[in-house]
Amino acid sequence: MHGAELARRHATLLGNLPGLAYRCANSPDWPMELVSEGAERLTGYPAERFLRGEISFGEMILPEDQDAVWQAVQRAIDRRGVFRITYRIRHADGDVRYLWEQGQGVFDEDGELLALEGFICDVSDAELARQAAEQARVQTETALQRMRESEGRYRSILEGASDGILIGDRDLRIIEVNPRAAALLGYPAAELLGQQYRALIHPDDVEETPVRDGELFSRGALLVERRLRRGDGSYGNFEISSRVLPDGQVFAILRDISDRRAAEDARLQALRLAMASEHQRSVTTLVRGVAHDFNNLLATIVGSGESLRHGGSVANEGVESLERLLLAAERATGLVRQMMRVPGEAVDSIEEVDVEAVFRELELLFQMSPKLRLSFAVRGALPVLRAEPEGLRRLLSNVIQNAVEAIGEAEGSIAVVATADVMPDAPARRAIRLQVADSGPGVADGLSLDELCKPFVSTKGTGRGIGLAAVSGIVVAHRGRMALRSPASGGTELTVWLPAAEAPLPRRAGPTTRGSGGRVLLVDDDESVRASVALLCQALGFEVQQADGGEAGLHALAAAEAAGSLPNAVLVDVHMPGLDGIGFLRVVQERFPGLRTILMSGQPIPPPAADAADVRPGFLAKPFGLQRLREVLHGEG
């Protein structure tokens with residue numbers, strides 16, 4: 001699913017919640033860090049005023065309710081539990097509204113409170129209905145008291161009530177129960193008689209919120225929510241309205257609110273998922289911005305290195321260093337593109353991968369100490385493997401690096417072997433089996449492969465716990481399988497199966513250092529990128545004219561048109577100040593129809609705005625090498 005669709009769904013979810021979703025700091029004025037659009041419907045003030053600190057949510061709460069709200073939240077934080085509270089605020093229109101709130105603290109790995117998250121909704125109608133019900137209950141109790149002298153009439157009302165009714169003595173031992181209460185709790189009425197009310201309460205509820213006998217008898221009435229044990233052993237959520245009668249007995253009305261509580265929990269879970277999605281999108285946006293700038297730097301490295309390798313003069317002793325530089329730049333490019341991929345996106349650059357070539361690259365990159373032996377081997381003929389090349393390199397690099405760190409300063413060995421096999425869960429499907437075995441101390445007892453692949457789980461004091469998590473993600477993206485073996489004698493062997501292709505991909509032509517010639521206009525605001533891409537174009541036999549930005553590029557095209565010598569193609573960067581690449585493309589399509597225009601960007605895929613252009617442009621993801629540039633300039637990719 002594209003980012004725009006995720007954002008739309010997230011906005012729709014928060015915008016249609018029947019209340020206010022929030023994240024705030026833990027202080028009496030409750031300063032908001034995140035507020036949904038429902039704030040205006042709930043309080044009369046737009047969400048932006050809370051976020052800018054112009055309106056204090058704490059000051060909206062009626063003074064007589066403020067301390068009770070604060071104390072309830074602090075008790076929940078202390079026990080790391082959920083708080084549910086009802087209180088009153090002064091709405092922007094001056095009216096008093098009743099609000100119901102459910103939330104909890106968010107803590108870091110060290111147990112420090114980061115913020116509060118929760119959901120608030122308007123329950124004014126429900127509160128008024130509750131007050132009316134309370135008034136009706138009082139009237140009912142009064143009527144019951146008056147009719148106690150007539151046992152027949154009293155029994156008729158008790159047994160015909162639509163709510164559950166329990167009557168207890170001063171020790172809260174049940175002495176009377178109506179049929180509705182027995183049905184709600186799932187016990188025969190006779191089995192409830194004589195039971196202590198406390199014995200029905202869930203043990204966790206008794207520990208977190210003790211039965212407030214003293215408060216009940218001092219105030220004369222109490223409204224609480226409790227989980228009560230049913231006859232089948234399950235627990236249900238009940239609202240219990242209790243009142244002390246003149247004779248000292250306790251009259252309690254019982255209502256089953258399990259369905260309401262389940263709906264409230266579902267709304268809170270939906271809110272948490274929406275907020276988590278928004279957080280992930282924010283992180284991805286930040287990473288993409290950094291990666292775009294990094295890709296511009298890589299474009300300079302790749303372009304300069306390619307031009308030296310294919311057209312410049314490099315001393316023989318420098319060739320190996322140059323190859324290593326280009327290989328490192330290619331790996332960095334792949335890492336950046338993986339970093340920029342939104343979680344859940346499919347692998348987008350599947351190619352036929354030469355496993356032996358990947359082994360040679362890794363052998364060049366990993367410089368082992370004399371104490372550590374690293375070997376690569378391919379046993380027998382391998383089937384065709386289609387994979388994301390950088391994904392395969394990163395998979396093996398992470399596993400090898402884990403092995404190196406596990407062995408440490410001791411003498412040891414790491415062996416990487418590729419063989420033909422079948423998928424362990426689909427014997428009819430051919431596969432390539434990659435095994436990485438090391439002579440290290442092995443994996444600690446009790447740690448499974450699933451646990452080791454969780455982010456930030458490490459068995460090494462210096463480890464970061466992201467290597468195997470990344471490996472697992474790559475394997476899943478390629479629909480592969482993994483297994484781990486670590487005998488008690490020491491050493492670890494990680495096995496990865498990657499499904500083989502049914503048939504080889506058509507072979508592309510090898511790198512071409514010279515093209516058929518022609519002229520290219522290169523438009524980019526980054527001088528170093530222009531210089532390196534110009535070298536690549538010249539290596540392909542093209543004359544290059546450079547323009548610093550979109551406006552300069554249009555001036556160059558106008559001058560070329562006047563001279564009757566428009567270029568064969570235009571390479572233009574997407575992200576530029578002033579007239580950007582998309583705006584430039586639209587002008588070119590209008591004024592110079594038929595002129596081939598190719599977009600360049602540090603983003604790994606064409607921008608959505610390019611799809612709306614009249615003619616689909618070519619696209620180059622920075623950084624790119626000579627072969628990719630040749631393919632695009634000649635209309636092959």
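The values are calculated or read from the model by the stated rules, or taken from the named source; none is laboratory data. A quick note: this is a predicted structure, and the numbers were derived from the prediction, not measured. Here Cβ is always computed from backbone atoms with ideal geometry, including for glycine, and neighbour counts include all displayed protein chains. Only protein heavy atoms, including side chains, enter the accessible area calculation; ligands, DNA and RNA are left aside. Shrake-Rupley method; radii C 1.70, N 1.55, O 1.52, S 1.80 Å.
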Failed criterion for GLY58 (all others in (1) over 23 Å from LEU273 (Cα atoms); (2) part of a strand (DSSP E or B); (3) open to solvent by less than 30 Å² (accessible area, probe 1.4 Å) hold): (2)
May I ask you to list pairs of residues, at least six apart or on different chains, whose Cβ atoms are under 8 Å apart, with the first in segment 243-270 being within 30 Å of GLY194 (Cα to Cα) and touching a residue at least 24 places away in the same chain (Cβ under 8 Å) and the second being among the polar types (S, T, N, Q) and open to solvent by 30 Å² or more (accessible area, probe 1.4 Å)? LEU245/GLN145; PRO246/GLN145; ASP256/ASN237; ILE257/ASN237; ARG261/ASN237
Residues that are open to solvent by 40 Å² or more (accessible area, probe 1.4 Å) and at pLDDT 90 or above: list the helices (runs of 4 or more DSSP H) wholly contained in segment 530-637 that include at least 3 such residues. 550-562, 581-591
Within segment 83-97, residues being surrounded by 14 or more Cβ atoms within 10 Å (Cβ to Cβ) and more than 19 Å from ARG49 (Cα to Cα) number 7
Long-range neighbours under 9 Å by Cβ, at least six apart or interchain, first residue closer than 16 Å to ILE89 by Cα within segment 63-75, second assigned to a helix (DSSP H, G or I) and not hydroxyl-bearing (Ser, Thr, Tyr): GLN66/GLY58; GLN66/GLU59; VAL69/GLY58; TRP70/GLY58
I'm checking my understanding of the structure. Among residues of segment 487-503 that are open to solvent by 40 Å² or more (accessible area, probe 1.4 Å) and farther than 13 Å from LEU385 by Cα, which one is modelled with the highest pLDDT? GLU493
Output for segment 535-556, where each listed residue is touching a residue at least 60 places away in the same chain (Cβ under 8 Å) and under 15 Å from GLY517 (Cβ atoms): LEU536, CYS537, GLN538, ALA539, LEU540, PHE542
Enumerated strands (runs of 3 or more DSSP E) restricted to segment 85-188, each holding at least 1 residues that are modelled with pLDDT of 75 or more and either under 30 Å from GLU59 (Cβ atoms) or charged (D, E, K, R) (or both): 96-107, 113-122, 174-177
Of everything in segment 162-179, what is open to solvent by 40 Å² or more (accessible area, probe 1.4 Å), in contact with a helix residue (DSSP H, G or I) (Cβ under 9 Å, 6 or more places away or on another chain) and in contact (Cβ under 8 Å) with a residue 60 or more places away in the chain? Give them in sequence order. ASP163, ARG170
Residue check, VAL523 surrounded by 22 or more Cβ atoms within 10 Å (Cβ to Cβ), at pLDDT below 90 and in contact with an Asp or Glu (Cβ under 8 Å, 6 or more places away or on another chain): no
Tally up the residues in segment 366-422 that are open to solvent by less than 10 Å² (accessible area, probe 1.4 Å) and of a type in the set (A, V, I, L, M, F, W, C), please. 10
In segment 18-66, residues that are at pLDDT below 90 and of a type in the set (Phe, Trp, Tyr) total 0
Can you find, within segment 198-239, the residue that is modelled with the lowest pLDDT among those that are part of a helix (DSSP H, G or I) and open to solvent by less than 40 Å² (accessible area, probe 1.4 Å)? ASP213
